[in-house]
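One structure is given here, and the rest of the page talks about it.
The values are calculated or read from the model by the stated rules, or taken from the named source; none is laboratory data. What you are looking at is a predicted structure, and each value in this text was computed from that prediction instead of being measured. Quick reminder, even Gly has a Cβ in these numbers, built from the backbone with ideal geometry, and neighbours come from all protein chains shown.
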Protein chains: 2
Amino acid sequence: MKKTLLVYMLLIAAFALYVFKYEQTGPLNGTWEEKGLRGSIGETYIMITFQSGLEYWKSTLKGFEDAGDALGVTVEYRGATRYDAQEQTTVIEQAIARNPAGIAISAIDPHSLVPAINKAVDAGIPVVLFDSEAPGSRAYSFLGTDNYKAGKIAADKMAELLGREGEVAVLTLPGQQNHEERTRGFRDTIERQYPAMKVVEVADGHADTLVSRNESIRLLKAHPKLAGIFATDATGGTGVGEAVLSQKSSHPPKIIAFDTNKATLDLIRGGTISATIAQGTWSMGYWSLQYLFHLHHHLTIPAPSPSDDNAPLPVRVDTGISVVTRKNVDDYYAK
Amino acid sequence: MKKTLLVYMLLIAAFALYVFKYEQTGPLNGTWEEKGLRGSIGETYIMITFQSGLEYWKSTLKGFEDAGDALGVTVEYRGATRYDAQEQTTVIEQAIARNPAGIAISAIDPHSLVPAINKAVDAGIPVVLFDSEAPGSRAYSFLGTDNYKAGKIAADKMAELLGREGEVAVLTLPGQQNHEERTRGFRDTIERQYPAMKVVEVADGHADTLVSRNESIRLLKAHPKLAGIFATDATGGTGVGEAVLSQKSSHPPKIIAFDTNKATLDLIRGGTISATIAQGTWSMGYWSLQYLFHLHHHLTIPAPSPSDDNAPLPVRVDTGISVVTRKNVDDYYAK
């Protein structure tokens with residue numbers, strides 16, 4: 001009986017020791033050194049966009065979610081359903097009211113959301129911007145594409161496809177800053193670096209597949225020697241692709257598109273579109289959440305402060321682009 | 001006796017369950033989701049600079065170490081002792097031979113290290129660059145200061161200090177790209193935004209405190225109404241400070257310096273220097289290690305690939321600057 005009691009006591013002691021050790025080193029206690037970078041499931045980070053239905057946001061949200069999984073925190077997605085600044089402001093106000101651990105926002109335009117963003121920062125809620133910025137705001141960082149450079153890389157790819165010679169055209173959205181930059185980067189590069197190439201026309205695709213298709217047919221008729229078309233937006237690329245397919249030419253022009261929606265990827269797989277420019281959308285989402293996490297936990301030096309003179313995080317991040325061709329297209333379908 | 005045995009069995013069962021649960025969720029097992037972001041102590045990441053004695057690297061190394069602690073990996077620092085490209089190349093070659101998990105490099109100049117950097121990437125070792133880049137290389141990312149913007153912010157601060165009027169001068173290192181950019185950002189901003197201010201001279205401080213001191217005394221004599229001096233390098237700022245102290249003027253010019261070495265911070269604390277521009281050095285080191293960690297563990301989408309057409313990481317990161325004044329100077333002394 002005494003022996004049993006001894007075993008009994010020893011067992012309780014071992015159990016207590018184990019519990020103690022577990023509490024010391026377990027994933028929800030201790031310093032970062034002991035547990036790795038890890039938050040708590042009660043910490044909620046919110047990603048907010050406009051036009052929540054767009055296929056374009058999927059990969060960014062995947063990056064945001066992947067970082068949430070890696071860091072053990074909760075993420076949510078909220079979007080204005082339409083392309084409407086007032087609606088997006090309301091979505092941000094609703095998010096602020098819930099006092100989340102951080103908010104990542106893609107701004108519908110450079111100005112409308114500034115008051116709502118600053119209100120969140122004033123309330124002590126970390127905010128970063130991705131994809132589309134709001135330069136006057138007090139968000140801590142912006143993560144997005146360098147569109148001029150994207151246009152430049154499209155021009156280099158086009159030159160490679162055409163053996164550095166021939167007439168090319170651009171199908172874009174005149175007046176929209178991102179697209180103007182892409183067009184300018186493309187044009188400047190052709191003019192400066194490829195003397196045997198020429199941009200013969202810049203057309204307006206109205207961000208609409210049918211308009212883009214009709215404009216492409218017009219371009220092909222107006223410029224019989226047209227050897228390549230660069231479409232700066234996702235809908236434009238599929239429009240050009242459809243136009244070229246309908247023409248059944250023996251020498252179809254080379255097409256470079258933008259973004260990686262399914263229709264574009266299918267046309268690359270089929271050989272109609274030669275390449276598309278994939279933005280670093282996963283990176284935008286992933287590093288947005290990492291940044292918010294670091295602000296929320298005050299892990300940065302200098303620490304976040306309401307002062308404008310202080311940069312606890314990288315202030316501007318060029319998330320880069322990748323060139324998608326038939327060779328690597330399978331990697332870009334949504335998983 | 002039977003009762004005791006039952007308690008005994010229950011206790012063993014509870015213990016076994018606890019051990020099982022611990023092994024499932026413990027910090028060194030399981031997926032990222034279960035353990036947070038955490039590597040292993042056997043993973044070694046190396047930071048390499050030129051002129052290893054410079055006070056300037058301390059904060060970057062601190063960031064690199066802090067990220068290493070947070071992610072549970074080992075970090076090392078190696079530097080060429082002198083300002084010598086051949087020596088830095090040798091240091092990189094020695095690092096490659098040890099097959100580390102990643103290397104972060106500050107390049108002595110834009111060209112010399114490109115072959116060594118590419119050799120590391122070809123060997124499957126992730127490389128990122130910080131502070132000074134090597135644009136032709138295949139390093140995955142560059143993290144550093146936007147120097148033009150830093151000059152612009154210095155100009156805005158100078159305008160604030162001088163009530164938007166008066167003569168100012170710049171003490172810089174003509175011919176060195178970083179410093180040319182800072183000077184250009186400062187000059188452009190004064191010219192475009194502050195019509196009652198004027199940059200009366202741009203002088204050469206030779207990156208030497210004594211030369212900077214003598215040049216400052218000359219500037220003060222040549223321009224009796226000089227109201228402010230912007231020194232674009234760390235040694236220049238202390239030189240200007242010493243010159244102004246030696247002159248014992250009743251209206252000393254306002255001084256804006258660059259970087260946060262101890263001599264500069266002491267002069268801010270004492271009131272001789274009004275402000276200095278702190279670079280995001282901690283961020284450069286911290287996010288360099290985070291990036292290398294993500295490459296090493298293939299955590300990015302797209303995955304790292306030897307192709308130039310693929311950007312698994314943000315390709316260019318503006319780590320931002322902070323304006324240091326008497327108000328916040330204590331935060332910037334090395335800890």
Somewhere in the range B:275-284, is a residue touching a His at 6+ places or on another chain (Cβ under 7 Å), part of a loop (DSSP other than H, G, I, E, B) and more than 20 Å from B:Thr209 (Cα to Cα)? no
Selection status of A:Leu61, surrounded by fewer than 24 Cβ atoms within 10 Å (Cβ to Cβ), touching a residue at least 40 places away in the same chain (Cβ under 8 Å) and hydrophobic (A, V, I, L, M, F, W, C): yes
Which of the residues that make up the range B:286-306 are farther than 20 Å from A:Lys62 by Cα, assigned to a loop (DSSP other than H, G, I, E, B) and within 10 Å of chain A (Cβ to nearest Cβ)? B:Ser305
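Identify the residue in the range A:242-262 that is outside any helix (DSSP H, G or I) and polar (S, T, N, Q) and, among all such residues, is surrounded by the fewest Cβ atoms within 10 Å (Cβ to Cβ).
First pass over the range A:242-262, keeping only residues outside any helix (DSSP H, G or I): A:248-261.
Retained after the next criterion (residues that are polar (S, T, N, Q)): A:249-250, A:260-261.
Details: A:Ser249: 10, A:Ser250: 4, A:Thr260: 26, A:Asn261: 20.
Filtering the range A:242-262 for residues that are outside any helix (DSSP H, G or I) and polar (S, T, N, Q), the one surrounded by the fewest Cβ atoms within 10 Å (Cβ to Cβ) comes out as A:Ser250.
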Residue by residue through the range A:307-335, note down the ones that are more than 7 Å from chain B (Cβ to nearest Cβ) and either among the small types (Gly, Ala, Ser) or surrounded by fewer than 17 Cβ atoms within 10 Å (Cβ to Cβ) (or both). A:Ser307, A:Asp308, A:Thr325, A:Arg326, A:Lys327, A:Asp330, A:Tyr333, A:Ala334, A:Lys335
Take A:Ser52 and decide whether it is within 14 Å of another protein chain (Cβ to nearest Cβ) and either closer than 16 Å to A:Asp131 by Cα or of a type in the set (S, T, N, Q) (or both). no
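What about A:Ser274, is it under 29 Å from A:Ala196 (Cα atoms), more than 22 Å from the chain's Cα centre (by Cα) and among the polar types (S, T, N, Q)?
So A:Ser274 fits the description; yes.
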Test A:Tyr8 against the stated conditions and say whether it is modelled with pLDDT under 95, at the interface with another protein chain (Cβ under 9 Å from one of its Cβ atoms) and more than 30 Å from B:Arg38 (Cβ to Cβ). yes
Any chance A:Ala104 is within 14 Å of chain B (Cβ to nearest Cβ) and surrounded by 23 or more Cβ atoms within 10 Å (Cβ to Cβ): no
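Can you tell me which residue in the range A:220-234 is surrounded by the most Cβ atoms within 10 Å (Cβ to Cβ), limited to those that are aliphatic (A, V, I, L, M) and more than 12 Å from A:Val199 (Cβ to Cβ)?
Of everything passing the filter in the range A:220-234, A:Ala231 is surrounded by the most Cβ atoms within 10 Å (Cβ to Cβ).
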Sole miss for B:Thr281 among (1) more than 26 Å from B:Arg187 (Cα to Cα); (2) in contact (Cβ under 8 Å) with a residue 24 or more places away in the chain is condition (1)
Within the range A:69-79, can one find any residue that is assigned to a loop (DSSP other than H, G, I, E, B), within 12 Å of chain B (Cβ to nearest Cβ) and touching a Ser or Thr at 6+ places or on another chain (Cβ under 9 Å)? yes
I'd like the full set of residues that are among the acidic types (Asp, Glu), out of contact with any Ser or Thr (no Cβ under 8 Å at 6 or more places or on another chain) and not in a strand (DSSP E or B), limited to the range B:198-231. B:Glu215
Read through the list (1) at pLDDT 95 or above; (2) over 18 Å from A:Ile321 (Cα atoms), then give the number of the only condition that A:Ser250 fails. (1)
Would the range A:278-298 turn up any residue that is closer than 22 Å to B:Arg316 by Cβ, over 17 Å from the mean Cα position of the chain (by Cα), among the polar types (S, T, N, Q) and crowded, with 19+ Cβ neighbours inside 10 Å? no
Of these, A:Ala120, A:Ala154, which one is within 14 Å of another protein chain (Cβ to nearest Cβ) and touching a strand residue (DSSP E or B) at 6+ places or on another chain (Cβ under 9 Å)? A:Ala154
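Given the range B:113-197, what helices (runs of 4 or more DSSP H) lie entirely inside it while holding 2 or more residues that are buried (at least 18 other Cβ atoms within 10 Å of the Cβ) and in contact (Cβ under 8 Å) with a residue 40 or more places away in the chain?
Filter on the range B:113-197 gives B:147-161, B:177-193.
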